[in-house]
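J.: The structure is given below, and queries will be raised subsequently.
The values are calculated or read from the model by the stated rules, or taken from the named source; none is laboratory data. Since the structure is predicted, the reported quantities are computational estimates derived from the model, not experimental observations. Neighbour counts are summed over all protein chains in view; Cβ atoms, including those assigned to glycine, are modelled from backbone coordinates with ideal geometry.
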Amino acid sequence: MKILLTGGAGFIGSSLVEMTVAQGWDVTVLDALTYAGHVENLESIPQSPGRWNLIEADLRDAARVAQIIQDGKFDAVLNLAAESHVDRSITGPSAFIETNILGVFNLLRSSLDYWKSLDESAQKKFRYLQVSTDEVYGSLGPTGKFSETTPMAPNSPYSASKASGDLLTRAWFHTYGLPTITTNCSNNYGPRQFPEKLIPHMIHCALTDRPLPVYGDGANVRDWIHVKDHCQGILLALEKGKPGETYCFGGDAERDNLKVVRAICEILDRHAPKKNGKKHSDSIQFVTDRPGHDRRYAIDDSRAMKELGFRRNFQFESGLEDTVLWYLNHGAWREAVLKSKAQKGKVG
């Protein structure tokens, strides 16, 4: 296939580029290269058997987006571009509204114009896929799981902006007939995640001998899915999913935040022990909780398993250890992405 993959220089996007190129696909990456998108994420991906190229562009630039889609002659558009950090959305929501809502609108409008220009067989083949998050569903109590039928109830500017993009995607299918598919997933982990999300942030803090900040009481629960399992789900949705439908992907790995941080500390104690003889967990510090912090997320992905054949290949404990080891073995990557973003005023 020939695809446009927005946000392809980011954490999940670069893993998807790697996977699709390995399958022989022709991938055009559109990325604004903001704080979470790095050319370093793509540099190790070979140009065979498929190939990839990078276009630096912003979804907010409607004319540029339209031109890229018209010129590209793509079989599918996969939108992974997003402002994605909850904390940043609380202190600076404007960028989230502009990218996650207006940017999605620009992408949908341009995709529709392009789709209308295709012949009937190409129209049937074309797909627009919107990659989203379980956070659009709000917060769960101690029991139950989110599914494709869960009503949206976002609680942060980030999740509200993502829910808006999901609803626009739904509307473009029902109003205009654009063959869209939406996916919602639980928390991703794995290589190349920018060190502001929980797992890479804790690893970075530990390796630089800083306190390990845990919000509130640390009892907020998340379901963790390895990025490669998530990307496999995305491709299954693209190839087998029904236009107009939504598919959820989870990791079947619910853990509270404190347990995850302690697990990271135990791995680091084995592979990168502190020089002063203390344990890494001694550096855990509880800090003031995030405003509106959702208590629990969990995904029921039985529909994706039944209809798409989705299966997970990673167990959380072994996947987490592999992830920690990746960061330990890629210190140059950490330094490069943090330095480049600090120079742009993106990292405090």
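J.: I need the full set of residues from the range 276-291 which are of a type in the set (Gly, Ala, Ser) and surrounded by 14 or more Cβ atoms within 10 Å (Cβ to Cβ), in order please.
T.: SER281, SER283
J.: Among the residues of the range 6-29, are any closer than 23 Å to HIS201 by Cα, of a type in the set (Val, Ile, Thr) and surrounded by 20 or more Cβ atoms within 10 Å (Cβ to Cβ)?
T.: Yes.
J.: Scan the range 115-174 for residues that are among the basic types (Lys, Arg), surrounded by fewer than 17 Cβ atoms within 10 Å (Cβ to Cβ) and closer than 17 Å to LEU238 by Cα and jot them down.
T.: LYS124, LYS125, ARG170
J.: In the range 30-76, which residue that is surrounded by fewer than 18 Cβ atoms within 10 Å (Cβ to Cβ) and β-branched (Val, Ile, Thr) is farthest from THR180 (Cα to Cα)?
T.: It comes out as VAL39.
J.: How many residues does the range 77-130 contain that are within 20 Å of LEU5 (Cβ to Cβ), assigned to a loop (DSSP other than H, G, I, E, B) and either over 15 Å from the mean Cα position of the chain (by Cα) or of a type in the set (Val, Ile, Thr) (or both)?
T.: Here the count works out to 2.
J.: Taking the range 211-240 as the region of interest, how many residues are outside any helix (DSSP H, G or I) and either more than 19 Å from the chain's Cα centre (by Cα) or among the aromatic types (Phe, Trp, Tyr) (or both)?
T.: Adding up the residues that qualify gives 11.
J.: Return the only residue of ASP166, ASP134, ASP119, ASP87 being over 30 Å from ASP256 (Cβ atoms) and among the acidic types (Asp, Glu).
T.: None of the other options fit; the residue is ASP119.
J.: Please indicate, with yes or no, whether at least one residue in the range 305-317 is among the basic types (Lys, Arg) and at pLDDT below 95.
T.: no
J.: Now, a different point. Could we say that SER164 is in a helix (DSSP H, G or I) and out of contact with any His (no Cβ under 9 Å at 6 or more places or on another chain) here?
T.: Criteria met by SER164.
J.: Inspect the range 142-157 for any residue being on the phi < 0 side of the Ramachandran plot, of a type in the set (Asp, Glu) and part of a helix (DSSP H, G or I) and give the result as yes or no.
T.: no
J.: Search the range 175-193 for residues being outside any strand (DSSP E or B) and in contact with a Pro (Cβ under 7 Å, 6 or more places away or on another chain), and hand back the single one that is surrounded by the most Cβ atoms within 10 Å (Cβ to Cβ).
T.: This residue is GLN193.
J.: Could you say which residue among ILE264, ILE234, ILE299 is farther than 30 Å from TRP172 by Cα, surrounded by 15 or more Cβ atoms within 10 Å (Cβ to Cβ) and in contact (Cβ under 8 Å) with a residue 60 or more places away in the chain?
T.: One residue alone meets the criteria, ILE264.
J.: Which pairs have Cβ atoms under 8 Å, sit 6 or more apart or on different chains, and link a residue in the range 159-184 that is farther than 22 Å from CYS231 by Cβ to one that is in a helix (DSSP H, G or I) and of a type in the set (Phe, Trp, Tyr)?
T.: SER161/PHE96; LEU168/PHE105; LEU178/TRP115; LEU178/TRP172
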